[in-house]
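Below is one structure, written out as structure tokens; the observations come after it.
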Amino acid sequence: MAIGTLPNRSIGHGRHAGHDGRGAGAGGDHPSGDTPGGAIVPPRAYVTGITVALGAVLMFFMALVSAYIVRRDMPLSGWLPLAVFPRILWLDTLLLLASSFTLSRARRLLLAGRDSGFRFWWKITAGLGIAFLAGQLIAWRELAAAGVYLATNPSSSFFFVFTATHGLHILGGIAALLWVMFRRPRRLGLATATEVAAIYWHFMDGIWLFLFSLLLFAKA
Amino acid sequence: MSPAGRHVYLDAARDLCPRIPAGTRRRERGSTFASVLLALLLSLLVLITVWIFAARVFPAPSSITAIGDQVDRQYALTLWITGAIFVLAQLGFAWAILRFRDRGQRARFVPGNSRLEFAWTVAAIILFLGLGVLGRRAWAESRFTPPSAGAIQVEVTESQFVFNFRYPGPDGKFGRLDPRLISPSTGNPLGLDDNDPAARDDVVVPQLTVPVNRQIALLIRSQDVVHNFFVRELRLQEDAVPGMIISVHFTPDRLGRYEIVCTQLCGLGHYRMHSYLNVVAASDYQAFLNQQQQALRQ
Amino acid sequence: MKSRVDSAQAAAPGQIGFVRRCLFSTDHKVIGIQYFFLALFAVLIGIVLSLFMRFHLVWPAAHLSWIPWLSGGLMTPEQYLALVTMHGTLMVFFVLTVAPQSAFGNYFLPLQIGAPEMAFPRLNMLSFWLTFVALLVMLAAFVVPGGAPISGWTAYTPLSSVGSVAGPGEGLGQTLWIASIGIFCIASLLGALNFISTTIDMRAPGMTLMRMPLTVWAWFVTAILSLLAFAVLLAAAILLLLDRSAGTSFFTPAGIVLSGQLQPHAGGSPLLWEHLFWFFGHPEVYIAILPGMGVTSHVLANFSRKPVFGYKAMAITLCAIGFLGFLVWGHHMFVSGMSPYSSIAFSLLTMSIGVPSAIKTCNWLGTIWHGKLQLKSPMLFSLGFVSVFVTGGLSGLFLAQPALDNMLHGTYYVVAHFHLIMGVAAIFGIFAATYLWFPKMFGRAMNERLGQIHFWLTFVGAYCIFMPMHFIGIEGGIRRYSDYTGANYLAALQPLHRFSTIAAFATAAAQLIFLFNLFWSLRKGAPASANPWNATTLEWATPSPPPRDNFGAWKPAVYRGPYEYSVPGAAADFIPQHLSPADLEAAGAD
Ligand code: HEA
Ligand code: HEA
Ligand code: CUA
Ligand SMILES: [Cu+2]
């Protein structure tokens, strides 16, 4: 038996087949300089990726929250409850919760093939996100008006750190929503792109609920 | 496998790995020198290390507390166990490197041995956790018990880059401190508040003087950054953390003058942060206290 | 020879320009090489800093008037501490987090699992460039007014949180340090995300978890550690930055007085910083060593011509070490004022990390036992790794007992421990990887004789530098002391210091051999074949260096475990992973 019976697993042969097939792709590089990976990354990798990334996000907020708890409960902490608790946070929470529902609805419509419905609810979601951020800004203004700033007291420091870092994450989420809407990702497909965005959005929603209840609890 | 078949297989392998020359290369050269030298070096490492520890070339200074002695015993036990593992492991590798160097033999296909693996897992668990459990005692005695009621209290205040020791005076009470009053140049390095009667008889000195065979309870605090209080002979150290008062206690049983150093990086003068622990006879201790009270009254 | 021609083509400039191909490439192999040289650059700076430190420790009064930044040729205490801080930081972050994981992991993880790329190539590129920026920001700390920070690589608060009243270097220098670490965290998070997704979703058909090379296991577990640990450090760094620049009091307590000024902070907790830092810091040291362990297992099998002994146990212990690594951070804080009861818990958990480490050590011995040991340079460095890991690991068992840490914390004993296990063992892992994979990465072999000489000098030299530090520590020599005049008993330890310094200079000089070998072989090394070590894993089934898409049109499939060496009945003493039973059958048929 000859070597030739092991064709495609022997490098020489396999390689050649490859180059012939690809023609212009000298050296195997994609002409556009784009990665060859783009074509072969399975969609589920994006879902894995966002899930893994959320693990890091979770750790990040857990670190902040445990710092909060330690700092609050230690002796001589100088801790004073927030002088005012911005009422608008309730509204913000509702907005964010609502956005999760509109997002789910948009996804369901997309999967059902109803593109215009998808676009409508998707935009609503982004709008709700923006409204949430605006609300958070109003909350900050309210605190500032009451003379409560970042360095006023540990409680206010944590309030601003929580809302700012979470707000940044939401901002990223909004960017992702808009990107999916207007740039129409080609490589990973709309179904995957919306799934990734949805996982992220729901998660940040959950993080907010957690932070909010923490702040609410401290108010008492 | 027939010789011909083997030949074909080798051809296949060569095709995959283009530069294997035809025929099996039986023996890699040059492994003998390296294996002998490496085995030699490992043995030398073991020999020198064991000698240094066995001959106590660099001993820790002897301990001056009962707890320190206990620490030393735990240290010795740990040294014996880890020492044995060290010798076994290094020499084991030295032997294997020498014995199984490439001499053209064929390696034995042994992907594992669950019985052996189980054995050394259990051995490691027993050894390491046993050591940890035994090590608990010396720690418990120095940290789990509060100082006894009759202990002599001294407050240690550390700041960049000095130690100050405060004795509560005859009233047995430490007076109030106010960080706004801190002023080393006018002789008030701790910020003692003289409006507090308890503060007026407090003595602040740069060295720690204690009587022998009495339990000493230190209250360690810091005025600025994290420092540390460490005396080799006590086998004891504790950080001085601003915002905290940390209590440790010890009972020195030997007269002498011992050095106190700071082991926690605290700024550019970290290296020169230094003081003394004077362990004196009871009568000398009394004399020291009297003298300090006299100085205070003047 | 066909495939070599192909690979030459692959290396030749195609239509894409230099910038896309080399600078802003999304090719995981190019990025791996970029990381490699970044780490090499950082390690060289780190070594030079350490030589200045060693010199100053022994001859503090020497006038080095030829060095412009020393006033009058004398090194000040703050300059010494700046060196210590930057040495530790560069080595831990920019060398040991970058080289084993980001450099070799990037290059070889996709190859070893038979993937054409990382899952997210652009993210990969971003993560390299963020690392690069972080390095620049870190180095900038040297040249700003006040100089580099003096608070050590651990940056304990309040020293690091109150600004320049705490000392020179605590102004802008410390701020840059924190900013750099923050950027580095983000880069590492992106990298980790990529590694994990790639390992989960991009494996070739047949590449089950239990067929992954142990290097892949190690990179995978390390990536998980990075993901969880760097997120925490990022949060801590943000809070620290706020304490410094926005007047908050997370880590800075009330009522502290520095340079005669009462600081305007209210009730923060230094212990909180220590907890957050070490919650990151301990996993970080395993981030540094796990890839080295993977490489060691890989190399020992290859050069013993034997399967890894107890493959499954090796994979499980990697996971176990990674998991336990998150539960032991308190062993850095036994004497920090933390509850003494939790010390006992941390102590027992720390001791139990010794168990998977012991299993690994015994399995390494089992791997070479009855082997056919070919002591090539990768093999030498891997054997050296084991020796040094045992020595450095055993001293960890002393430190892990709070009672003993009472006398050893903050001394050179700790310095000895972590240099042996990290500064030498993990570095040996890098060396083994370099000698092993250089031919694959650059298509040329490194010089074997120079590699051997490099090993002998470094092995002996490293032990000579760091063994004496145990004794300095036992006698009470304190780390981060710029001078031995602070306490009287320190002068007696100077002979040990002198020995260590001389060894350090000699060892550092020996690295020149390595550098020469590296750069010389890049241009002049003998051309390497696809599989120069007769190895079994997939990276050897493609030309050296591999084409842009790693395997060309061939879609690798895997039929067996990663370490089938000296299988009874097989003709050659290795069976590559991609050889199917049918191939073998066919080969043996007639
Ligand atoms: C790569 C890095 C690395 C690794 C792997 C380790 C591994 C270990 N480390 Fe280390 N450590 C550091 C890097 C590392 N360390 C650093 C950088 C610091 C200082 C930070 C600073 O303060 O600046 C430090 C500090 C440090 C301390 C704090 C000391 C102090 O500041 O007071 C402690 C205490 O517990 C400790 C313990 C351990 C232990 C128990 C292990 C264990 O994992 C070791 C396990 C290994 C073995 C035990 C050896 C192999 C086993 C055998 C050969 C057994 C043979 C067989 C049988 C028993 C049957 N380390
Ligand atoms: C990887 C980690 C690493 C490495 C390699 C080193 C290498 C060295 N270290 Fe360092 N060191 C630390 C990590 C490391 N160190 C840390 C974390 C601290 C604590 C800082 C602090 O207290 O805050 C420290 C502190 C420290 C001190 C204590 C200072 C003090 O407390 O006052 C000293 C003193 O001698 C010292 C000396 C040395 C010497 C002489 C070398 C060497 O120069 C020895 C010779 C060098 C080698 C053997 C390495 C050669 C490697 C290569 C050439 C790599 C090639 C790379 C690629 C291919 C990518 N180091
Ligand atoms: Cu105080 Cu070091
Ligand atoms: Cu640790």
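Tabulated data for the structure shown
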| item | result |
| --- | --- |
| Residues that are crowded, with 20+ Cβ neighbours inside 10 Å and touching a helix residue (DSSP H, G or I) at 6+ places or on another chain (Cβ under 6 Å), drawn from segment B:192-208 | B:Leu192 |
| One residue from C:Val165, C:Val133 being farther than 21 Å from C:Leu23 by Cα and not small (Gly, Ala, Ser) | C:Val165 |
| Count - residues of segment C:464-489 that are open to solvent by less than 30 Å² (accessible area, probe 1.4 Å), assigned to a helix (DSSP H, G or I) and away from ligand 2 (no atom under 12 Å from the Cβ) | 5 |
| Condition broken by C:Ala231, with the remaining ones in (1) more than 16 Å from ligand 1 (Cβ to nearest atom); (2) within 14 Å of chain B (Cβ to nearest Cβ) satisfied | (2) |
| Selection within segment C:547-564 - buried (at least 22 other Cβ atoms within 10 Å of the Cβ) and touching a Ser or Thr at 6+ places or on another chain (Cβ under 7 Å) | C:Pro547, C:Asn550, C:Phe551, C:Pro562, C:Tyr563 |
| Criterion violated by C:His409 - all others in (1) within 15 Å of ligand 4 (Cβ to nearest atom); (2) more than 9 Å from every other protein chain (Cβ to nearest Cβ); (3) not aliphatic (A, V, I, L, M) satisfied | (2) |
| Residue within segment B:138-149 that is at the interface with chain C (Cβ under 9 Å from one of its Cβ atoms), among the β-branched types (Val, Ile, Thr) and surrounded by fewer than 16 Cβ atoms within 10 Å (Cβ to Cβ) present | no |
| Condition check for C:Val299: crowded, with 22+ Cβ neighbours inside 10 Å, of a type outside the set (Asp, Glu) and within 16 Å of ligand 2 (Cβ to nearest atom) | yes |
| Filter pass, B:Leu131 being facing chain C (nearest Cβ under 8 Å), modelled with pLDDT of 90 or more and either in a loop (DSSP other than H, G, I, E, B) or crowded, with 17+ Cβ neighbours inside 10 Å (or both) | yes |
| Subset tally (residues that are away from ligand 1 (no atom under 15 Å from the Cβ), assigned to a loop (DSSP other than H, G, I, E, B) and surrounded by fewer than 24 Cβ atoms within 10 Å (Cβ to Cβ)) for segment C:148-166 | 1 |
| Scan of segment C:495-505 for residues that are within 18 Å of B:Phe58 (Cα to Cα) and surrounded by 15 or more Cβ atoms within 10 Å (Cβ to Cβ), ordered by number | C:Leu496, C:His497, C:Arg498, C:Phe499, C:Ser500 |
| Index of the failed condition, B:Ser222 passing every other in (1) without any contact (Cβ under 8 Å) to a residue 60 or more places away in the chain; (2) more than 16 Å from ligand 1 (Cβ to nearest atom); (3) crowded, with 24+ Cβ neighbours inside 10 Å; (4) of a type outside the set (A, V, I, L, M) | (1) |
| Matching residues in segment C:412-426 - criterion: being near ligand 1 (Cβ under 10 Å from one of its atoms) and away from chain B (no Cβ under 11 Å) | C:Val415, C:His417, C:Phe418, C:His419, C:Leu420, C:Ile421, C:Met422, C:Gly423, C:Val424, C:Ala425, C:Ala426 |
| Residue among C:Leu290, C:Leu272 that alone is aliphatic (A, V, I, L, M), outside any loop (DSSP other than H, G, I, E, B) and away from ligand 2 (no atom under 16 Å from the Cβ) | C:Leu272 |
| For C:Phe428: the one exception among (1) on the phi > 0 side of the Ramachandran plot; (2) buried (at least 24 other Cβ atoms within 10 Å of the Cβ) | (1) |
| Residue within segment B:105-128 that is surrounded by 18 or more Cβ atoms within 10 Å (Cβ to Cβ), aliphatic (A, V, I, L, M) and touching a Leu at 6+ places or on another chain (Cβ under 7 Å) present | no |
| Selection within segment A:63-86 - surrounded by fewer than 16 Cβ atoms within 10 Å (Cβ to Cβ), more than 7 Å from chain C (Cβ to nearest Cβ) and more than 23 Å from A:Glu142 (Cβ to Cβ) | A:Ile69, A:Asp73, A:Pro75 |
| Of all residues in segment C:365-383 being at the interface with chain B (Cβ under 8 Å from one of its Cβ atoms) and outside any loop (DSSP other than H, G, I, E, B), the one that is nearest to ligand 1 (Cβ to nearest atom) | C:Leu365 |
| Sole residue being out of contact with any Gly (no Cβ under 7 Å at 6 or more places or on another chain) and within 16 Å of ligand 3 (Cβ to nearest atom), chosen from C:His409, C:His370 | C:His409 |
| Selected residue (criterion: farthest from C:Ala119 (Cα to Cα)) from residues of segment A:164-213 that are surrounded by 15 or more Cβ atoms within 10 Å (Cβ to Cβ) and of a type in the set (D, E, K, R) | A:Asp205 |
| Failed item in (1) in contact (Cβ under 8 Å) with a residue 24 or more places away in the chain; (2) open to solvent by 10 Å² or more (accessible area, probe 1.4 Å); (3) within 18 Å of A:Leu64 (Cβ to Cβ); (4) more than 10 Å from chain B (Cβ to nearest Cβ), with C:Leu242 passing the rest | (1) |
| Conditions (1) closer than 27 Å to C:Phe93 by Cβ; (2) assigned to a helix (DSSP H, G or I); (3) open to solvent by less than 10 Å² (accessible area, probe 1.4 Å); (4) away from ligand 2 (no atom under 16 Å from the Cβ); number of the one not met by C:Met351 | (1) |
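Each row is one residue, and each column tells you yes or no for (1) open to solvent by less than 10 Å² (accessible area, probe 1.4 Å); (2) more than 30 Å from C:Leu457 (Cβ to Cβ); (3) out of contact with any helix residue (DSSP H, G or I) (no Cβ under 6 Å at 6 or more places or on another chain); (4) not acidic (Asp, Glu).
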position: C:Asn517; (1), (2), (3), (4): yes, no, no, yes
position: C:Ala526; (1), (2), (3), (4): no, no, yes, yes
position: C:Asn531; (1), (2), (3), (4): yes, no, no, yes
position: C:Thr536; (1), (2), (3), (4): yes, yes, yes, yes
position: C:Pro543; (1), (2), (3), (4): yes, yes, no, yes
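A quick yes/no check of all residues on (1) more than 14 Å from every other protein chain (Cβ to nearest Cβ); (2) within 16 Å of ligand 4 (Cβ to nearest atom); (3) over 28 Å from C:Gly152 (Cα atoms); (4) open to solvent by less than 20 Å² (accessible area, probe 1.4 Å):
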{"position": "B:Pro252", "(1), (2), (3), (4)": "yes, no, yes, yes"}
{"position": "B:Cys262", "(1), (2), (3), (4)": "no, no, no, yes"}
{"position": "B:Cys266", "(1), (2), (3), (4)": "no, no, no, yes"}
{"position": "B:Ser275", "(1), (2), (3), (4)": "no, no, no, yes"}
{"position": "B:Val279", "(1), (2), (3), (4)": "yes, no, yes, yes"}
{"position": "B:Ser283", "(1), (2), (3), (4)": "yes, no, yes, no"}
{"position": "B:Ala287", "(1), (2), (3), (4)": "yes, no, yes, no"}
{"position": "B:Asn290", "(1), (2), (3), (4)": "yes, no, yes, no"}
{"position": "B:Leu296", "(1), (2), (3), (4)": "yes, no, yes, no"}
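Here's the yes/no breakdown for (1) within 16 Å of ligand 3 (Cβ to nearest atom); (2) open to solvent by less than 40 Å² (accessible area, probe 1.4 Å); (3) assigned to a loop (DSSP other than H, G, I, E, B); (4) not hydroxyl-bearing (Ser, Thr, Tyr):
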residue: C:Phe55; (1), (2), (3), (4): no, no, no, yes
residue: C:Ala61; (1), (2), (3), (4): no, no, yes, yes
residue: C:Ser65; (1), (2), (3), (4): no, no, yes, no
residue: C:Pro68; (1), (2), (3), (4): no, no, yes, yes
residue: C:Met75; (1), (2), (3), (4): no, yes, yes, yes
residue: C:Leu81; (1), (2), (3), (4): yes, yes, no, yes
residue: C:Leu90; (1), (2), (3), (4): no, yes, no, yes
residue: C:Phe94; (1), (2), (3), (4): no, yes, no, yes
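The values are calculated or read from the model by the stated rules, or taken from the named source; none is laboratory data. Given the structure is predicted, the values throughout are model-derived calculations rather than measurements. In this analysis, Cβ positions are derived from the backbone assuming ideal geometry, glycine residues included, and neighbour counts consider all displayed protein chains. SASA here: full protein model, heavy atoms, side chains in, ligands and nucleic acids out. Shrake-Rupley method; radii C 1.70, N 1.55, O 1.52, S 1.80 Å.
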